[in-house]
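Participant: This structure is in structure tokens; I'll ask about it shortly.
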Amino acid sequence: MIQVPPLAVPRSRAATSTEQAPVTRRSLPGGLGPFDALLPLAVILWVIGITGVQTDAINDFGLIPALPPPFFASLVVLTVSFIAALARSRQSTVRLTLHIIAVVFALQAVVALTFPLPQYGYVYKHFGVAEYIGLHGSVDDRVDIYQNWPGFFALGAWFDRLAGQSNPLRYAAWVPVYIDLIALLAINLSLRALAIPWRARWLALYIFVACNWVGQDYYAPQAFAFVLSQTVLACLLTLFRAAPSPWIGRLEERVTNFAHGVYVKTAPLVSPVLTRRQRITALVAVFTTFAVITFSHQLSPYMVIVAAGVLAVPGLLRPRWIVAVMVLIAGAYLVTRLQFLQTHEDLLISFNPFKNVENPEASPGDGVLGRQLTAVAARTLSGIVWGLALVGAIRRSRAGMSVLVPVGLFFAPFLIIFGQEYGGEAIYRVFLFSLPWAAALAAVALAPAVRWTWFAGARIGIALSLMTLLLLQAYFGLAEINFVRPSEFTASEYFYAHARPGSVLILAAPNYPERGSAYYDRFVVTSGAFDPKLIPDKAFLHRILGADDLPAIEGLIKVYSPHGYFAITTGMKIYCHVFELLPDGSLDHLDQALSASKRWKVFYRNEDAVIYELAAPA
Amino acid sequence: MPPDPFAAIKEPPVGAQEQTTAEQKVAGLEGWAPAALDVESWLPPQRSEAVEEQVDEQVDEQVEAPSPPANSPPRMANERWLVTADLASLVVIGGLMFLNIANTGGDLRLALAVLFVTCVPGWALVRATSLSAGLGGAAIAVLASLTISAATSTAMVWLNAWHPLGLVAVLAALSAVAILWTLPPSFVALRARR
């Protein structure tokens, strides 16, 4: 261990700081400078850009071809403005907060302002559950998995009534903006508890927004649970942080020495001593929030448990029994839902990590060039933030600061892939839950150690520009698929209002706004979270479908119900095109075959959707 | 405002000598007096480069404004923000209840509902427990609001007692009482400091 002298205040430096202070520390209006014009300029450019978005120009490469130059210019100006705010000698909370809000809006509000309906076909089934609760005032555990984890949907139903909305359609497109802003509030609190320097902390928040390509912040229980999970972690880090066990301190010292760093054995970061009353209040708050997470989402409580466990093992979180109580809450609730999960084969548990990181619907090499580019952009972005996080961990460690907590929390979510598959989405959840800590360490790698330099500004500028550019492709690259047409939603609404109860809806392919009605439970929903589909069944892939396939469709209906419907939409055709699951025109050919068949009749048709009804019982 | 039962946190002296791990545990804990009921102050001090900046800041403060008194402008500004937030919460409560009873409102009602669910019950809670200062207080208010809203609405669903307007009335009434309980002393204090 290297002995370091006590910190001393160099008088000359102190004097310099004192001279600068009146200029830099005062409230915003007094300190306005030329760089402060950049943020309003970015906003103006962004507004001009948004008004010029042509959704007709969305193609295989996503939204980027539809975005006009002022939109890109606004992002460049915003990045420069943010770097200028970071370059100030003192933290300007107002400026930095405004920049973080601006970047969230710049990236997340695009869809809300330019798409006619909320994106993602699979978000509409969440509307249906909230509407169901609003209509019945209760849940039916036998219907589907959502009614067994109703926390988010009950809140949604109550909110709709409060806000005078019949469903979440009007505001759901803004949920990503809302979720990101609140998550950033919690993450900021966590980073403060970790004593991350202010430049690195604000940079981390920006990086979190610029790297969050997984799109898990839409109107869904997992988005809500993510926000609450970050809250619980922030509370634990702020209120129950303890000095690590001696063995972990020795281990970290050895690792630091191995990395040729300077191990500075300073006072550990610990939470203040709480009074008994404060402690009880804090614990009740933590456990109540954790309980809400538990009955809102199947996977998220285990993410929190793993993270808290990683802190508790080396003694960084005390009392350790907090984790035990969390396990008890999550386990007790799971036991009450076990029967449903067993009968519906929806356990989501898998101990095969290789299977759990796979997306069953598409591999990276599948699809048209635009889709492949999107996959490469997402992986590159993840690689960059993870690589920078590694550099940041080494840098922080070599500077003598403990990295146990951020590194532990960064790796903790990866443990979940050894136990849960989450329908092939586990890897996305892992990325999302590790992102705040990866962003924090990446920010440590990029931010200047002590004094701001032009080199640091350039380094940050290049990194943020690259991240933002990759995010645009990774996040908006599948906009062609994610775009939901109003006529498709109208067809879906018509079906749930007029179709025969007890029947089943078979979809030609994924990407349909299904179950977006309070009456979705009147139809067969035993197939899981989605209606049954032909594609991606291997028997139907990569060929022109036609009259020969109609008996197979009837057979599929017969599995679920004697009566059924079959839907083909523009969104499904685009899905099959982008992932190259069917030759172009295949579903049109099937449409013609159905139209010509005497066993099928048109139930509903508009320009983007057709629903056939099986005329004769299957 | 209820009186703060705790002294402000004493941060460990910046130039403290290096200590052994055992000593650190004791000194670290002893150095932290029980928290003032201000979540900002519960946060640990920054270290290393952060410490350097902190040193700057402390020196600046010593030169610029040595030992700010309780009625100093920053404290007054903070108090002003708290009172403003209290009044805003009461406006949200009143507006939302009126629009719900009148069953009208459109976008305004939507906006008020977002503000209510996101902030109001939690803000009332942190005000009642004097945890309201700074970013930490705001964060806890938001998170407490979401937790309270989700927990109570789910309880209604499970108990087959779906009364959405009843729930908002109860939460609004409790929040208003809690805010009104803390508002007059804050208001009087603010006036007195002026």
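The values are calculated or read from the model by the stated rules, or taken from the named source; none is laboratory data. Because the structure is a prediction, the values reported are computed rather than measured. Here Cβ is always computed from backbone atoms with ideal geometry, including for glycine, and neighbour counts include all displayed protein chains. Heads up: the accessible areas ignore ligands, DNA and RNA and are worked out on the full protein's heavy atoms, side chains in. Shrake-Rupley method; radii C 1.70, N 1.55, O 1.52, S 1.80 Å.
Participant: Is at least one residue of region A:462-485 farther than 19 Å from A:TRP198 by Cβ, touching a helix residue (DSSP H, G or I) at 6+ places or on another chain (Cβ under 9 Å), among the acidic types (Asp, Glu) and not in a helix (DSSP H, G or I)?
Facilitator: Going through region A:462-485, the residues farther than 19 Å from A:TRP198 by Cβ turn out to be A:462, A:465-485.
Next, only the ones that are touching a helix residue (DSSP H, G or I) at 6+ places or on another chain (Cβ under 9 Å) stay: A:465-485.
Adding the requirement that they be among the acidic types (Asp, Glu) leaves A:480.
Narrowing further to those that are not in a helix (DSSP H, G or I): none.
No, every residue in region A:462-485 fails to be farther than 19 Å from A:TRP198 by Cβ, touching a helix residue (DSSP H, G or I) at 6+ places or on another chain (Cβ under 9 Å), among the acidic types (Asp, Glu) and not in a helix (DSSP H, G or I).
Participant: Checking A:TYR218 against (1) modelled with pLDDT under 90; (2) outside any helix (DSSP H, G or I), which test does it fail?
Facilitator: Against the list (1) modelled with pLDDT under 90; (2) outside any helix (DSSP H, G or I), A:TYR218 comes up short only on (1).
Participant: Identify, from the list B:GLY95, B:GLY166, B:GLY122, B:GLY136, the residue that is touching a residue at least 40 places away in the same chain (Cβ under 8 Å) and in a helix (DSSP H, G or I). Steps first, answer last, please.
Facilitator: Details: B:GLY95 fails: touching a residue at least 40 places away in the same chain (Cβ under 8 Å); B:GLY166 fails: touching a residue at least 40 places away in the same chain (Cβ under 8 Å); B:GLY122 fails: touching a residue at least 40 places away in the same chain (Cβ under 8 Å).
Testing whether each residue is touching a residue at least 40 places away in the same chain (Cβ under 8 Å) and in a helix (DSSP H, G or I) leaves just B:GLY136.
Here's the yes/no breakdown for (1) part of a helix (DSSP H, G or I); (2) open to solvent by 40 Å² or more (accessible area, probe 1.4 Å); (3) more than 23 Å from A:GLY309 (Cβ to Cβ):
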{"position": "A:ARG379", "(1), (2), (3)": "yes, yes, yes"}
{"position": "A:ILE384", "(1), (2), (3)": "yes, yes, yes"}
{"position": "A:SER402", "(1), (2), (3)": "no, no, no"}
{"position": "A:GLY408", "(1), (2), (3)": "yes, no, no"}
{"position": "A:PHE414", "(1), (2), (3)": "yes, yes, no"}
{"position": "A:ILE417", "(1), (2), (3)": "yes, no, no"}
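Participant: Oh, and also: Can you find even one residue in region A:146-167 that is touching an Asp or Glu at 6+ places or on another chain (Cβ under 7 Å), more than 25 Å from A:SER89 (Cα to Cα) and assigned to a helix (DSSP H, G or I)?
Facilitator: Yes - at least one qualifying residue is present in region A:146-167.
Participant: Another one. Within the group A:PHE540, A:PHE603, A:PHE566, A:PHE523, which residue is among the aromatic types (Phe, Trp, Tyr), farther than 26 Å from A:ALA497 by Cα and either free of Cβ contacts under 8 Å to residues at least 40 places away in the same chain or crowded, with 16+ Cβ neighbours inside 10 Å (or both)?
Facilitator: Details: A:PHE603 fails: farther than 26 Å from A:ALA497 by Cα; A:PHE566 fails: farther than 26 Å from A:ALA497 by Cα; A:PHE523 fails: farther than 26 Å from A:ALA497 by Cα.
Criteria check complete, one pass: A:PHE540.
Participant: Failed condition for A:THR238, given (1) modelled with pLDDT under 95; (2) surrounded by fewer than 23 Cβ atoms within 10 Å (Cβ to Cβ); (3) within 25 Å of B:ALA150 (Cα to Cα), with all others met?
Facilitator: (2)
Participant: Regarding B:ARG80, is this residue away from chain A (no Cβ under 12 Å) and in contact (Cβ under 8 Å) with a residue 60 or more places away in the chain?
Facilitator: Working: away from chain A (no Cβ under 12 Å): yes; in contact (Cβ under 8 Å) with a residue 60 or more places away in the chain: yes.
Against the criterion (away from chain A (no Cβ under 12 Å) and in contact (Cβ under 8 Å) with a residue 60 or more places away in the chain), B:ARG80 qualifies.
Participant: Checking A:ILE481 against (1) under 21 Å from the mean Cα position of the chain (by Cα); (2) without any contact (Cβ under 8 Å) to a residue 24 or more places away in the chain, which single condition isn't satisfied?
Facilitator: A:ILE481 satisfies every listed condition except (2).
Participant: Moving to a separate point now. Which numbered condition in (1) of a type in the set (Lys, Arg); (2) in contact (Cβ under 8 Å) with a residue 12 or more places away in the chain; (3) more than 9 Å from every other protein chain (Cβ to nearest Cβ) is the only one that A:ARG254 fails?
Facilitator: With respect to (1) of a type in the set (Lys, Arg); (2) in contact (Cβ under 8 Å) with a residue 12 or more places away in the chain; (3) more than 9 Å from every other protein chain (Cβ to nearest Cβ), A:ARG254 is out only on (2).
Participant: Also: Residues in region A:115-138 that are open to solvent by 10 Å² or more (accessible area, probe 1.4 Å) and either outside any helix (DSSP H, G or I) or in the same structural domain as A:PRO513 (by TED's automatic domain parsing) (or both): how many?
Facilitator: 6
Participant: Kindly check whether there is at least one residue in region B:186-194 that is away from every other protein chain (no Cβ under 14 Å), surrounded by fewer than 22 Cβ atoms within 10 Å (Cβ to Cβ), on the phi < 0 side of the Ramachandran plot and not in a helix (DSSP H, G or I). Break it down into steps so the answer makes sense when it comes.
Facilitator: Taking region B:186-194 as the starting set, the residues that turn out to be away from every other protein chain (no Cβ under 14 Å) are B:186-194.
Among the residues that remain, those that are also surrounded by fewer than 22 Cβ atoms within 10 Å (Cβ to Cβ) are: B:186-194.
Applying the additional criterion that residues be on the phi < 0 side of the Ramachandran plot yields B:186-194.
Those left that are additionally not in a helix (DSSP H, G or I): B:194.
Within region B:186-194, one or more residues are away from every other protein chain (no Cβ under 14 Å), surrounded by fewer than 22 Cβ atoms within 10 Å (Cβ to Cβ), on the phi < 0 side of the Ramachandran plot and not in a helix (DSSP H, G or I).
Participant: Now, a different point. When region B:132-151 is examined, which residues are found to be open to solvent by 40 Å² or more (accessible area, probe 1.4 Å) and under 20 Å from A:PRO221 (Cα atoms)?
Facilitator: Correct list: B:ILE148 only.
Participant: Still on this model: Does A:ILE568 meet the test of being aliphatic (A, V, I, L, M) and under 27 Å from the mean Cα position of the chain (by Cα)?
Facilitator: It is false that A:ILE568 is aliphatic (A, V, I, L, M) and under 27 Å from the mean Cα position of the chain (by Cα).
Participant: Further question: Failed condition for A:ILE462, given (1) under 23 Å from A:PRO65 (Cβ atoms); (2) surrounded by fewer than 23 Cβ atoms within 10 Å (Cβ to Cβ); (3) modelled with pLDDT of 95 or more, with all others met?
Facilitator: (1)
Participant: Same structure again: Please pick out the residue among A:SER517, A:SER561, A:SER487, A:SER492 that is among the hydroxyl-bearing types (Ser, Thr, Tyr) and without any contact (Cβ under 8 Å) to a residue 60 or more places away in the chain.
Facilitator: Working: A:SER517 fails: without any contact (Cβ under 8 Å) to a residue 60 or more places away in the chain; A:SER487 fails: without any contact (Cβ under 8 Å) to a residue 60 or more places away in the chain; A:SER492 fails: without any contact (Cβ under 8 Å) to a residue 60 or more places away in the chain.
Result of the check over A:SER517, A:SER561, A:SER487, A:SER492: A:SER561.
Participant: Let me ask you something else. Evaluate the following for A:ALA547: is it closer than 18 Å to A:ASP584 by Cα and either of a type outside the set (S, T, N, Q) or open to solvent by 60 Å² or more (accessible area, probe 1.4 Å) (or both)? Can you show your working first?
Facilitator: Values: closer than 18 Å to A:ASP584 by Cα: yes; either of a type outside the set (S, T, N, Q) or open to solvent by 60 Å² or more (accessible area, probe 1.4 Å) (or both): yes.
Criteria met by A:ALA547.
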